[in-house]
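We did not get these values from a lab; they are worked out from the coordinates using the rules stated. None of these values were measured; they are calculated from a predicted model. Because the Cβ atoms are built from the backbone with ideal geometry, glycine has one as well, and the counts that use them run over all protein chains shown.
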Amino acid sequence: MHWNKVLRIACLFSIPVLATALRAQSVQYFEKGKLWLLSTDHNSYVLAVGPHGELQHLYWGRPLPRGDDLSAPRAVHDLSSFDPSQMLVNDEYPGWGGPFYEEPALKITREDGDRDLVLRYVSHRIQQNDLEIELRDIRDSIEVTLHYRVYPHYGIVRRYATIRNGAKQAFTIESAQSAAWHLPHGTGYQLTYLSGRWAAEMQINHEPIHQGMKILESRKGHTSHNLNPWFAIDAGDAAEESGNVWFGALAWSGNWRITVEQTPYEQVRVTGGFNTFDFAYPLRPGEALDTPAFFAGMTSEGRGSASRLMHRFEREEILPGGAKSRLRPVLYNSWEATEFNVDQAGQELLADKAAKLGVELFVMDDGWFGKRNNDKAGLGDWYANPQKFPQGLKPLIDHVNGLGMDFGLWVEPEMVNPDSELYRQHPDWAMNFPGRPRSELRNQLVLNLARNDVKEYIFNVLDKLAGEYNIRYFKWDMNRSFSEPGWPELAQADQRKLWVAYVRNLYEIMDRLRAKHPTLEIESCSGGGGRIDLGILQRVDVVWTSDNTEAFDRLRIQEGFTEAYAPKLMSSWVTDVPNMNGRSTPLQFRFLVAMQGALGIGANVNRWSPEDSALAAKMITLYKRIRPTVQTGDLYRLLSPQTSDVTANEYVAQDGNQAVVFAFRHSQQYSTPAPTIRLRGLDPRARYGMTSIEGKLQEGQEFTGAYLGGAGIHFNLRGDFDSTAVVLEKLR
Ligand code: GLA
């Protein structure tokens with residue numbers, strides 16, 4: 001059967017429900033065409049062995065119900081001497097060798113200088129949702145295992161590669177990518193990605209894909225605020241609730257790279273893995289390297305659906321504890337209130353106030369350890385400052401626990417201030433190139449966590465803290481990027497392994513800590529959102545979204561965040577005003593913005609008036625009522641702060657029994673009424689009882705889902721920084 005016919009037939013089966021009914025096993029092999037069909041509720045993915053033994057990608061799109069419709073790839077001929085057949089097929093994992101000129105998935109140099117690598121199919125294994133395909137170079141035992149895991153309910157496939165040296169001579173890897181993902185042939189695609197900087201993370205960009213290559217990457221050693229390892233691509237026609245969207249995210253918290261390439265032959269390919277910049281990873285005979293995991297999916301129901309699939313997937317398959325992990329507690333953090341001026345009495349006072357508001361987790365931020373009175377000293381010396389905490393941290397923690405709250409502690413274990421006992425003892429532990437300057441940022445240097453002695457030191461410090469005190473939560477910060485990434489103790493050829501070994505050791509510390517202290521939770525922070533990716537999210541419970549807590553800016557940061565990451569992971573605080581930009585928004589506005597994620601308070605509650613405290617207590621009570629819906633429900637982005645002066649987001653509970661709508665207006669002009677907002681994700685035939693937070697709407701009224709989705713709700717939002725929320729409960 002001709003391939004186009006297969007695609008046409010596939011289009012008939014666009015409804016995920018139908019696909020679920022028809023889906024057999026998630027991984028099937030068809031000997032006839034030597035091809036594999038990976039099936040999910042939302043899409044299918046097909047790859048096959050080509051006529052020369054090369055692995056070819058054939059299809060990634062709407063669900064294909066039967067493998068029997070598929071046929072083996074045919075031989076392709078050179079188009080010209082400049083356009084060889086190798087370029088015309090979609091190589092599933094291209095080695096750099098032969099006449100191949102596009103982005104390779106693997107590039108190596110052998111000890112003897114030979115750099116040619118041509119990978120061919122050897123064998124495969126299928127086990128439930130897993131497929132492993134072995135490839136091997138046409139001459140040498142340079143072996144690659146491609147790992148696929150299908151997550152049928154989420155429409156997501158995980159890929160990574162193991163590169164093994166089974167040969168007799170060493171080689172150095174110059175590029176090791178996790179996967180190449182191919183979109184259906186064509187042009188006119190649009191790329192969506194997230195960019196930013198400190199205090200302005202997760203800005204959404206849409207741009208057309210043209211011939212050539214777009215690179216998204218980090219060279220900073222950590223994920224970085226500048227670009228996030230996530231992408232979405234559509235055919236230029238997708239909206240929140242319609243259109244085909246292909247999306248993916250890399251699970252790596254170090255130097256990463258995603259290239260989006262359109263070839264001269266209308267192939268569109270996304271390749272991602274370790275950043276090739278400054279990358280050199282020697283593999284001696286018998287050694288192997290695993291690339292990071294690259295997760296990707298496809299939906300035919302728009303960008304909102306792509307986000308919801310990712311959100312569910314992250315909550316249930318990525319987060320430690322998965323679906324069983326607890327709802328995020330309401331948190332208090334001392335940073336914006338006290339900065340470095342922490343001490344026992346001051347923290348106890350804040351804790352008393354926080355507990356009265358309904359806070360469940362009290363976190364003491366920076367300033368509690370060593371000689372840490374400002375950012376010039378102390379990092380590395382992880383013992384309680386004896387002036388501030390004469391009897392250690394136990395009395396404060398007991399006090400916090402006595403108020404019914406858990407206790408959390410800020411740490412920044414990967415860093416050292418030159419003015420610290422640790423640095424005076426171990427100056428060689430900081431990353432450096434001998435004899436060269438050590439660039440300080442925020443007066444601190446990065447420890448070379450790639451070294452196992454440094455790894456053990458950090459593990460022991462944190463293990464001791466978690467063992468000695470009743471600490472439920474570490475806020476794990478990382479307040480600068482790498483510089484002078486030297487590892488002089490190793491042979492020159494091995495020194496660049498630092499980029500990989502650092503991250504692996506970081507992961508290992510977190511994994512060991514969690515295993516040893518099963519109730520310990522971790523927040524990933526890197527000066528705000530500098531380390532947010534699926535790799536760290538396999539080890540932490542929540543992330544600090546941004547150091548920018550200004551509520552109006554937050555609407556955009558949070559919108560971008562939710563493109564890729566679940567609201568449950570998104571730590572959002574209510575802080576004092578005037579805030580960044582010199583802006584002051586009403587306390588209710590700040591609360592409702594923060595209540596769209598994992599709610600925290602970062603304000604100086606000592607200064608709050610009785611009215612402020614009463615409003616805060618009311619909001620926290622409301623938050624607890626809607627928390628399961630916000631944290632584990634489906635998010636519908638109804639109106640975007642990018643395109644409207646009204647922002648609206650709706651969360652629908654997993655069981656459909658509750659929905660919450662948040663709406664914000666920042667600057668009414670010309671007395672224009674706020675737009676009517678049509679809700680999504682409701683059962684059209686069900687009736688919903690509606691209550692607003694402050695009686696702005698007709699309290700207690702009931703509406704059908706059909707009415708709320710069709711006619712919608714009019715929120716009477718007026719003036720500057722007005723806000724409201726309504727809760728809808730399904731009536732029986
Ligand atoms: C970083 C974090 C803040 C705070 C400070 C403390 O900037 O993002 O939340 O913890 O460090 O120094």
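Could you tell me the distance between the Cα centroids of the range 76-106 and the range 144-201, to the nearest Å?
Value for the Cα centre distance between the two parts: 18 Å.
Could you please report the charge total around SER300, scoring K, R as +1 and D, E as -1 over all other residues with beta-carbon less than 14 angstrom from its beta-carbon? Each step should come with its number before you reach the end.
Working: positive: ARG62, ARG303, ARG308; negative: ASP41, ASP234, ASP237, GLU240, GLU241, GLU301.
Charge balance in the 14 Å sphere: -3.
Considering only DSSP states other than H, G, I, E and B, which trypsin sites (Lys or Arg not before Pro) in the range 423-455 qualify as loop sites with at most 14 other Cβ atoms within 10 Å?
Details: sites: ARG424, ARG438, ARG442, ARG451, LYS455; in loops: ARG438, ARG442, ARG451.
Qualifying residues, ordered by number: ARG442.
Name the residue from PHE703, GLY633, PRO413 whose Cα lies farthest towards the positive end of the charge dipole of the chain, charges +1 on Cβ of Lys and Arg and -1 on Cβ of Asp and Glu.
My answer, from the dipole projection, is PHE703.
Just need the relative contact order of the chain here, percent rounded to a whole number, with Cα pairs under 8 Å and 6+ apart.
On the way: 1790 pairs, mean separation 67.6, N = 732.
For the chain, the relative contact order is 9 percent.
In a shell of Cβ-Cβ distance under 14 Å around GLY33, excluding GLY33 itself, what net charge do Lys and Arg (+1) and Asp and Glu (-1) give? Kindly include the intermediate steps, with their values, before the conclusion.
Details: positive: LYS32, LYS34, ARG66, ARG74; negative: GLU31, ASP68, ASP69.
Net charge in that neighbourhood comes out at +1.
Which one, ALA296, GLN654, TYR383, is farthest towards the positive end of the dipole of the chain when Lys and Arg carry +1 and Asp and Glu -1 on their Cβ?
Comparing the listed Cα positions along the dipole, GLN654 ranks first.
How are the Cα pair distances of the range 46-190 distributed, in percent, across 5 Å bins from 0?
In order of increasing distance, the bins hold 2, 8, 17, 21, 21, 15, 10, 4, 2, 0 percent.
Expressed in whole Å with the largest first, what are the equivalent ellipsoid semi-axes of the range 326-547 derived from the C-alpha gyration tensor as the square root of 5 times each eigenvalue?
Numbers: eigenvalues 186, 73, 44 Å².
Working from the Cα gyration tensor, I get semi-axes of 30, 19, 15 Å.
Taking loop as defined by DSSP and a crowding limit of 11 other beta carbons within 10 Å, which trypsin sites (Lys or Arg not before Pro) in the range 313-345 fit? Before the final figure, lay out the partial values.
Details: sites: ARG315, LYS324, ARG326; in loops: ARG326.
When the trypsin sites (Lys or Arg not before Pro) of the range 313-345 are filtered for loop state and at most 11 Cβ neighbours within 10 Å, ARG326 remain.
Tell me the net charge near HIS52. Cut-off is 14 Å between Cβ atoms, HIS52 excluded, with +1 for each Lys or Arg and -1 for each Asp or Glu. Before the final figure, lay out each step's value.
Values: positive: LYS34, ARG74, ARG120, ARG136; negative: GLU54, ASP78, ASP91, GLU92, ASP137.
Summing Lys and Arg as +1 and Asp and Glu as -1 gives -1.
Mean Kyte-Doolittle of at least -0.5 plus a Cα span of 30 Å or more along the axis: flag which DSSP H helices in the chain meet both, please. Let's see the in-between values first.
Details: long enough: 610-632 (32 Å, -0.29).
Passing helices, by number: 610-632.
For the pair GLN127/ALA288, report the inter-label distance in nm, with labels modelled 7 Å from Cα in the Cβ direction.
1.2
Principal axes first, then extents: for the Cα atoms of the range 646-730, list largest minus smallest coordinate on each axis, whole Å, largest first.
38, 23, 22
Could you list which residues have their amide H under 5 Å from that of TYR59, counting only those 5 or more apart in sequence or on another chain, with H placed in the peptide plane?
VAL46
If amide hydrogens are placed 1.01 Å from N in the peptide plane, which non-local residues have theirs closer than 5 Å to the one on GLY600?
Answer set, sorted by chain and number: LEU331, SER572, TRP573, VAL574.
GluC sites (Glu not before Pro), restricted to the range 661-732: which are DSSP loop and have at most 14 other Cβ atoms within 10 Å? Working shown, then result.
Values: sites: GLU694, GLU699, GLU702, GLU729; in loops: GLU694, GLU699.
For GluC sites (Glu not before Pro) across the range 661-732 that sit outside H, G, I, E and B with at most 14 neighbouring Cβ atoms in 10 Å, the list reads GLU694, GLU699.
Tell me the mean residue ellipticity at 222 nm calculated for the chain from its helices only (DSSP H runs of n ≥ 4, each -39500 (n - 2.57), averaged over every residue, nearest 500).
Details: 15 runs with 156 residues, N = 732.
Result for the chain: -6500 deg cm²/dmol, rounded to the nearest 500.
Rounded to the nearest 20 debye, what is the charge dipole size of the chain about its Cα centre when +1 sits on each Lys and Arg Cβ and -1 on each Asp and Glu Cβ? Present the calculation step by step, with values, prior to reporting the outcome.
Working: 79 positive and 89 negative charges, 232 e Å.
Its charge dipole is roughly 1120 debye.
Given a Förster distance of 45 Å, report the FRET efficiency between LEU88 and ASP511 from their Cβ-Cβ distance, rounded to the nearest 0.05. Each step should come with its number before you reach the end.
On the way: r = 44 Å, r/R0 = 0.97.
About 0.55, to the nearest 0.05.
Projected area of the range 573-732, taken from the Cα convex hull and averaged over every viewing direction, in nm²? Please report the intermediate quantities before stating the final value.
Working: hull surface 38.8 nm².
So the Cα hull casts an average projection of 9.7 nm².
In terms of modelled amide H atoms, which long-range or inter-chain residues lie less than 5 Å from the amide H of ASN548?
ALA199
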